[in-house]
Amino acid sequence: MRMRRILGLALAAAALVGVSAVGAVSAEAASSPGITRDECTAADGQVTSQPYAGYVCVLPDGTRQPIT
């Protein structure tokens, strides 16, 4: 019975670590990467300034990307 409890705790810990790693990778992939001014203008976007936020690229479909 004790061995089953230890194995259960080990399995739960391993599952939790796996979920945390997958969540971190997903969050990194989901964050929008910035683009350069040249890439923005090449995509027919418009570079605009936002107070206290720097510059963003407004693309023709309405999405906004931070300028890097």
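The numbers here are math on the coordinates, done by the rules we state, and not lab data. Here the structure is a predicted model, which means the values were calculated and not measured. All Cβ positions, even for glycine, are placed from backbone atoms using ideal geometry, and neighbour counts span all protein chains on display.
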First select every other residue whose beta carbon is under 15 angstrom from the beta carbon of SER49; then total the charges, Lys and Arg +1, Asp and Glu -1. +2
What's the local net charge at CYS40, with K and R +1, D and E -1, over the other residues with C-beta under 14 Å away? -2
